[in-house]
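S.K.: Once you've had a glance at the structure underneath, I'll fire off some questions.
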Amino acid sequence: MASVSSDLTSQEYFQENIIILDVETTGLNASSNRIVQLAMLKIQNNGLMTTFDNYFNPCVSRQAQTSAFRVHGICPDMLMMKAPFCDYLKEIIDFIGETKYLCGHNVAFDWKFLLEEFTRADSSFGKCLVGKNLVLIDTLKLSRKAFPQFESYKLQSLSSCLGLNITQNDLLDLKIDKPVLRIHDAMVDVLLTKKLLYKVMQTLCSTNNSGSQQLSLSELLDKHYCVVAKKT
């Protein structure tokens, strides 16, 4: 179930509603592999934040998950106890709602897997997802423009260079219970991506017309439209 936070004391937010997402999968090919975790953070322009974080049974053998398990550490035996992705189609569509902006680090990867899962499970839901005409924002491409001096643009490398980290307080603000913070947990990566996006926006849009804490996604895209991922 999604959790809600309205504590703005330590949270950056934006002038437009946005969803930041990340997926963990059984492999790199969207047509033959499956999503095992999807995390989303919806940030409304009033600072209210809502989360979606679920694990899914990929309905493939343990052997088929071995390589991915070494990367993300999500246990195949635990996943076998979860419901399949297709059980969550409506909940995910409802969560996205009327939000226009969808952001991720190498977001084309996440989008391709999300769309493939939707289409595979129910073509009508797949059409519904496409019909939302979401604008995809890629923090990987944005980071290359904002920080051309860096050698690596992996999320963890960027976070280290920029001094970004996730603590238990970040999770408590959103009422998320994760006793262990581990790399490649989708929600931890979502929260890192949020901090990275804010840092990138501060760098690329160094002047904020309103002078307020909020930053404008539309202003960012107007100036740096080439970093928006194409939906194919």
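The values are calculated or read from the model by the stated rules, or taken from the named source; none is laboratory data. Everything quoted here is computed from the prediction, not taken from an experiment. Quick reminder, even Gly has a Cβ in these numbers, built from the backbone with ideal geometry, and neighbours come from all protein chains shown. Accessible surface areas use protein heavy atoms only, side chains included; no ligands, DNA or RNA. Shrake-Rupley method; radii C 1.70, N 1.55, O 1.52, S 1.80 Å.
S.K.: Which of the residues that make up region 156-204 are polar (S, T, N, Q) and either farther than 25 Å from ARG70 by Cβ or touching a Lys or Arg at 6+ places or on another chain (Cβ under 7 Å) (or both)? Please lay out each step first, then the result.
M.R.: The first filter runs over region 156-204 and keeps only residues polar (S, T, N, Q), leaving 156-157, 159-160, 165, 167-169, 193, 202-203.
Listed by number, the residues that qualify are THR167, GLN168, ASN169, GLN202, THR203.
S.K.: Filter region 116-133 for residues that are among the small types (Gly, Ala, Ser) and either crowded, with 17+ Cβ neighbours inside 10 Å or in contact with a helix residue (DSSP H, G or I) (Cβ under 8 Å, 6 or more places away or on another chain) (or both) and give the result. Talk me through it step by step, then tell me what you get.
M.R.: Taking region 116-133 first, the residues among the small types (Gly, Ala, Ser) are 121, 123-124, 126, 131.
Hits for region 116-133 are ALA121, GLY126.
S.K.: Are there any pairs, at least 6 apart or on different chains, whose C-beta atoms fall under 7 Å, with the first in region 96-118 and more than 16 Å from VAL190 (Cβ to Cβ) and the second among the hydroxyl-bearing types (Ser, Thr, Tyr) and surrounded by fewer than 18 Cβ atoms within 10 Å (Cβ to Cβ), and if so, which?
M.R.: Close Cβ pairs satisfying both conditions: GLU116/SER31.
S.K.: Further question: Please tell me if ASN54 is within 21 Å of the chain's Cα centre (by Cα) and surrounded by fewer than 16 Cβ atoms within 10 Å (Cβ to Cβ).
M.R.: Numbers: within 21 Å of the chain's Cα centre (by Cα): yes; surrounded by fewer than 16 Cβ atoms within 10 Å (Cβ to Cβ): no.
Criteria not met by ASN54.
S.K.: Report whether or not LYS175 is modelled with pLDDT of 85 or more, of a type in the set (Lys, Arg) and under 12 Å from the mean Cα position of the chain (by Cα). If you could, list the steps in order and put the result at the bottom.
M.R.: Working: modelled with pLDDT of 85 or more: yes; of a type in the set (Lys, Arg): yes; under 12 Å from the mean Cα position of the chain (by Cα): no.
In short, no.
S.K.: Does ASP94 fit the bill of being in contact with a Leu (Cβ under 6 Å, 6 or more places away or on another chain), in a helix (DSSP H, G or I) and modelled with pLDDT of 90 or more? If you could, list the steps in order and put the result at the bottom.
M.R.: Values: in contact with a Leu (Cβ under 6 Å, 6 or more places away or on another chain): no; in a helix (DSSP H, G or I): yes; modelled with pLDDT of 90 or more: yes.
So ASP94 fails the test.
S.K.: Then there is this: Considering only region 97-115, state which residues are crowded, with 19+ Cβ neighbours inside 10 Å and not in a helix (DSSP H, G or I). Let's see the steps before the verdict.
M.R.: The initial filter retains those residues of region 97-115 that are crowded, with 19+ Cβ neighbours inside 10 Å, namely 101-105, 107, 110-111, 113-114.
Within region 97-115, TYR101, LEU102, CYS103, GLY104, HIS105 meet the criteria.
S.K.: Between VAL180, VAL188, VAL135, VAL107, which is touching a strand residue (DSSP E or B) at 6+ places or on another chain (Cβ under 6 Å) and under 19 Å from GLU24 (Cα atoms)? It would help to see each step written out before you state the result.
M.R.: Values: VAL180 fails: touching a strand residue (DSSP E or B) at 6+ places or on another chain (Cβ under 6 Å); VAL188 fails: touching a strand residue (DSSP E or B) at 6+ places or on another chain (Cβ under 6 Å); VAL135 fails: under 19 Å from GLU24 (Cα atoms).
The unique qualifying residue is VAL107.
S.K.: Here's another thing I want to ask about it. With open to solvent by less than 50 Å² (accessible area, probe 1.4 Å) and either modelled with pLDDT of 95 or more or hydroxyl-bearing (Ser, Thr, Tyr) (or both) as the only criterion, which of THR25, THR9, THR66 stands out? Write out each step before concluding.
M.R.: Working: THR9 fails: open to solvent by less than 50 Å² (accessible area, probe 1.4 Å); THR66 fails: open to solvent by less than 50 Å² (accessible area, probe 1.4 Å).
Only one candidate passes the filter, namely THR25.
S.K.: Then there is this: How many of the residues making up region 118-134 are modelled with pLDDT of 90 or more and polar (S, T, N, Q)?
M.R.: The number of residues fulfilling the criteria is 2.
S.K.: Let me ask you something else. Run ASN46 past the list (1) open to solvent by 40 Å² or more (accessible area, probe 1.4 Å); (2) outside any helix (DSSP H, G or I); (3) over 20 Å from TYR198 (Cα atoms) and report the number of the one that doesn't hold.
M.R.: With (1) open to solvent by 40 Å² or more (accessible area, probe 1.4 Å); (2) outside any helix (DSSP H, G or I); (3) over 20 Å from TYR198 (Cα atoms) applied to ASN46, the lone miss is (3).
S.K.: A follow-up question, please. Looking at region 134-142, can you tell me whether even one residue there is over 16 Å from LYS195 (Cα atoms) and open to solvent by 60 Å² or more (accessible area, probe 1.4 Å)? Working first, answer last.
M.R.: First, pick out the residues of region 134-142 that are over 16 Å from LYS195 (Cα atoms): 134-136.
So of that shortlist, the ones also open to solvent by 60 Å² or more (accessible area, probe 1.4 Å) come out as none.
Within region 134-142 (the criterion being over 16 Å from LYS195 (Cα atoms) and open to solvent by 60 Å² or more (accessible area, probe 1.4 Å)), the answer is no, since none of the residues qualifies.
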